[in-house]
Structures are given as C-alpha cells and as structure tokens.
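What follows is a set of notes on a single structure, which appears directly below.
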Amino acid sequence: MGFIVFEEEAFNYLDAQLENFVKRMDRIRERSEDKTMNKWLDTQDVCQTLNICPRTVQTLRDNGTLAYTQISHKTYYKP
C-alpha cells in the first residue's frame, strides 16, 4: 500500500469542494422528498383523486392528457 502526499492548501481546497458537493446533493434530495406526490398512481388512485370513472381515465390516456406507463399489464400515471 502506498502513500499519497497532499499539500495542506490542496487538501483544504479538495475538502471544501467535496463539502459543497455534499451540500448540493442534500438540497436536491430534500427538494425531491418535499414533493407531496412523488410516486406513480394506478388507475384506482387516479379515479379516486379526480373523482372520475375508469373509462374517463382511459379516454384521458388515449387522447394524451395523462402521462402513463405500463408495467406487466398494469398502467401507472405520473402525478
């Protein structure tokens, strides 16, 4: 195992840059956690939230009003 030698000034600079990076990542994580609807919704959730029937959800999906994805024959909608 070898040793790497840093000048104190270079080490302090690197340490400050790493600390700034960690702070930025924490802010990004906090912003994403602050979203009240950060999960995809299934058809039942959409029907209950919007107080509409499944056929209306289908129509909104067909005309492109609702963003969605299908996984294993189950449809999920982006909040």
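The values are calculated or read from the model by the stated rules, or taken from the named source; none is laboratory data. Given the structure is predicted, the values throughout are model-derived calculations rather than measurements. For neighbour counting, all protein chains shown are included, and Cβ atoms are generated from backbone atoms with ideal geometry for every residue, glycine included.
Values as computed for the structure displayed
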item	result
Test: residue in segment 28-42 that is at pLDDT 90 or above, part of a helix (DSSP H, G or I) and of a type outside the set (Val, Ile, Thr)	no
Leu66 being free of Cβ contacts under 8 Å to residues at least 12 places away in the same chain and aliphatic (A, V, I, L, M)	no
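Listed here are the residues, each with its yes/no results for (1) among the charged types (D, E, K, R); (2) in a loop (DSSP other than H, G, I, E, B); (3) out of contact with any helix residue (DSSP H, G or I) (no Cβ under 9 Å at 6 or more places or on another chain).
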{"position": "Ile4", "(1), (2), (3)": "no, yes, yes"}
{"position": "Gln17", "(1), (2), (3)": "no, no, yes"}
{"position": "Asn20", "(1), (2), (3)": "no, no, yes"}
{"position": "Lys23", "(1), (2), (3)": "yes, no, yes"}
{"position": "Val46", "(1), (2), (3)": "no, no, no"}
{"position": "Thr56", "(1), (2), (3)": "no, no, no"}
{"position": "Thr75", "(1), (2), (3)": "no, no, no"}
